[in-house]
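**Q** Let me give you the structure first, and then I'll get to my questions.
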Amino acid sequence: DKQRSLLLESSSRFPPPPGAKLSYGTAGFRADALILQSTVFRVGILAALRSLKTQSVIGLMITASHNKVSDNGIKIADPCGGMLSQDWEPFADELANAPDPQTLLSLIIEFAKKEKISFDGAFSAEILLGRDTRPSGESLLEAAKQGINSIVGAVVHDMGILTTPQLHWMVRARNKGLKATEADYFGQLLSSFRCIMDLIPNERKINEIEDRLIVDGANGVGGEKLEAVKKMLSGLVIEVLNSGKEGGILNEGVGADFVQKEKVVPHGFGSNHEGIRCASLDGDADRLVYFSVPSNSSSKIDLVDGDKILSLFAVFIKEQLSILEGDMKGNNNYKARLGVVQTAYANGASTDYLKHLGLEVVFTPTGVKYLHTRAAQYDIGIYFEANGHGTILFSEHYLSWLEAKNNELSSISQGSELQTAALRLLAVSKLINQAVGDALSGLLLVEAILQHMGWSIHRWSELYQDLPSRQLKVKVVDRTAVVTANAETVVVRPPSLQEAINAEIAKYTRGRSFIRPSGTEDVIRVYAEASTQEEVDNLANSVAELVD
Ligand code: NG1
Ligand code: ZN
């Protein structure tokens, strides 16, 4: 029939690269852009199928995030704005690796049957497409469109150049029946930012804090979008460096990944920025870290990573909850379940600090899909990876309660501390992206909270002192030989490797170390912590030798 011949005809125009085996990893398909045409075309088909299955709008983002500019990648945003449901990943792998159009067609037919996807035309697939600033994005976007259009009746909206979180936000908004343009996104961010700023208690406005922020845009889409936000913003002066307009290369010596891993200033920053609050975005603006340049240092920075952003958010949320719950007037009272989600890469000092605040801290394996799912189990769930990807999730149930509480309070005690706390929490839920970690909304929330607290970046950084840590990667023949358990903290295979690691750890004060296979690179990652840099380097090296 028509559908079959359309699929056969269009896929013959996108032959897969010979010999390449691709896999839908932690962040979708990622590879050198030159070999991605066929994969992107096929993910276009997959997205259309996903839309038919869920009877919802689906997103497709073309980006390779913090990887080099010659790479690219593609990932799917599910109806609620989150990552593609994990049970579809194996099918994504099969599609990408089908050797010829006929096999591809059989796979699709078989899968559609299994998933009870109907092509009767009662519902038309609808896809939002976005891409980052990579030059290869343009032709890959065309390939994606052709993939989507090989499902009869599918509708595609090219949303242009976007940050990854913007695309996820739009998908979520569309499926909630809300307005979902870029202007709506900016509008929501700016009005909720303004709301938190307007609610800062007067006595806190005498602050020590510098009103200037300098942002490293990684020469990517985030810098470009921040320039747009900046123009509409009041109460905060932002200067964007590495916006991409000066001709710098995407992610090269710049960006959140570089800054967090190397702990040195990004290109374009130096001694003239001493003491000033600085932030760095990654290539698709879903990661955010802060830093400051100490005086008379070489190029070393004082890094304020994802763990510390999480801690700042936790302090603020907790403060609002204790105001709101400390003096429950009226009869509609409820105590929020607040939870914090980290991975094994979280600095041990951050975990101690959060537990000390009385918070519930839980761990998941690496990868946003795990953290996000876990955080969604709380009324308010805060999750962050140390590398700066994270957000705060509010449950629908809690938000309805909060709305009702706010209405009740506004009639009995308009403008009270209690009501102000409720309003702040509501504003946070609108400012911070509910779909995925978002550097732009995260940055605005950090800025609003620092002003609220009257804290400088130094005051913030001193919440706790990071334990010295070291990350190494070891190239191995087969990374799947290492199997871990307990949120990747324990090696279960090969046998007895964990005992050997334990023996090394035991030699150090405050020693901690774990290994795991990377989900995005062909390596085993080694992480270690100890009380001094020298000790931690020794520990990491000896654990790496055990892996080799
Ligand atoms: P892998 O390669 O699985 O370690 C890396 C990051 C993750 C996440 C993904 C997706 C570390 C240690 N790992 O995963 O946190 O960001 O990339 O981009 O930072
Ligand atoms: Zn990213």
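The values are calculated or read from the model by the stated rules, or taken from the named source; none is laboratory data. Computed from a predicted model, the values in this text were never measured in an experiment. No Cβ is skipped: glycine too gets one built from the backbone with ideal geometry, and neighbour counts run over all protein chains shown.
**Q** Any idea which of (1) polar (S, T, N, Q); (2) in contact with a helix residue (DSSP H, G or I) (Cβ under 6 Å, 6 or more places away or on another chain); (3) more than 22 Å from G442 (Cβ to Cβ) is the one N272 doesn't satisfy?
**A** (2)
**Q** Output the residues belonging to the stretch 294-316 that are β-branched (V, I, T), crowded, with 22+ Cβ neighbours inside 10 Å and over 14 Å from N347 (Cβ atoms).
**A** Initial filter on the stretch 294-316 (β-branched (V, I, T)): 301, 304, 309, 315.
When the remaining residues are screened for being crowded, with 22+ Cβ neighbours inside 10 Å, the result is 301, 304, 309.
I301, the sole residue that qualifies.
**Q** Now, a different point. Please list, ordered by residue number, the strands (runs of 3 or more DSSP E) wholly in the stretch 286-390 having 1 or more residues that are over 25 Å from H66 (Cα atoms). Working first, answer last.
**A** Working: elements: 288-292, 302-304, 338-342, 360-363, 380-384.
It comes to 338-342, 360-363, 380-384.
**Q** Okay, next question. Looking at the stretch 379-402, which of its residues are within 22 Å of L444 (Cα to Cα) and free of Cβ contacts under 8 Å to residues at least 24 places away in the same chain?
**A** Within the stretch 379-402, S395 is the sole residue that qualifies.
The rows are residues; the columns are (1) in contact (Cβ under 8 Å) with a residue 60 or more places away in the chain; (2) within 16 Å of ligand 2 (Cβ to nearest atom); (3) not assigned by TED's automatic domain parsing to the domain that holds E224.
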position	(1), (2), (3)
G283	yes, yes, no
L312	yes, no, yes
S322	no, no, yes
K335	no, no, yes
Q342	no, no, yes
G358	no, no, yes
Q377	no, no, yes
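**Q** So, one more: L226 passes all but one of (1) aliphatic (A, V, I, L, M); (2) assigned to a helix (DSSP H, G or I); (3) touching a Leu at 6+ places or on another chain (Cβ under 6 Å); which number fails?
**A** Only one criterion in (1) aliphatic (A, V, I, L, M); (2) assigned to a helix (DSSP H, G or I); (3) touching a Leu at 6+ places or on another chain (Cβ under 6 Å) is unmet by L226, namely (3).
**Q** Okay, next question. Within the stretch 14-49, which residues are in contact with a helix residue (DSSP H, G or I) (Cβ under 7 Å, 6 or more places away or on another chain) and surrounded by fewer than 18 Cβ atoms within 10 Å (Cβ to Cβ)?
**A** P15, P17, A20, K21, S23
**Q** Regarding L418, is this residue buried (at least 21 other Cβ atoms within 10 Å of the Cβ), modelled with pLDDT under 95, over 21 Å from I449 (Cβ atoms) and touching a Leu at 6+ places or on another chain (Cβ under 7 Å)? Walk me through how you get there before you give the answer.
**A** Values: buried (at least 21 other Cβ atoms within 10 Å of the Cβ): yes; modelled with pLDDT under 95: yes; over 21 Å from I449 (Cβ atoms): no; touching a Leu at 6+ places or on another chain (Cβ under 7 Å): yes.
Taking the combined requirement at face value, the residue does not satisfy it.
**Q** Same structure again: Can you pull out the strands (runs of 3 or more DSSP E) entirely within the stretch 443-543 that have at least 2 residues that are within 23 Å of the chain's Cα centre (by Cα), farther than 28 Å from A314 by Cβ and in contact (Cβ under 8 Å) with a residue 24 or more places away in the chain?
**A** Ranges flagged: 469-475, 512-517, 523-529.
**Q** Same structure, new question: Given the conditions (1) modelled with pLDDT of 95 or more; (2) touching a helix residue (DSSP H, G or I) at 6+ places or on another chain (Cβ under 6 Å); (3) not basic (K, R), report the number of the one that G330 does not fulfil.
**A** The number of the failed condition is (1).
**Q** Taking only the stretch 24-53 into account, find how many residues are of a type in the set (V, I, T) and either on the phi > 0 side of the Ramachandran plot or assigned to a strand (DSSP E or B) (or both).
**A** Final tally of qualifying residues: 1.
**Q** Is the stretch 54-64 home to any residue that is in a loop (DSSP other than H, G, I, E, B) and within 16 Å of ligand 1 (Cβ to nearest atom)? Don't jump to the end; show me each part of the working.
**A** Initially, the stretch 54-64 is screened for residues in a loop (DSSP other than H, G, I, E, B), giving 55-56, 63-64.
Narrowing further to those that are within 16 Å of ligand 1 (Cβ to nearest atom): 63-64.
Yes.
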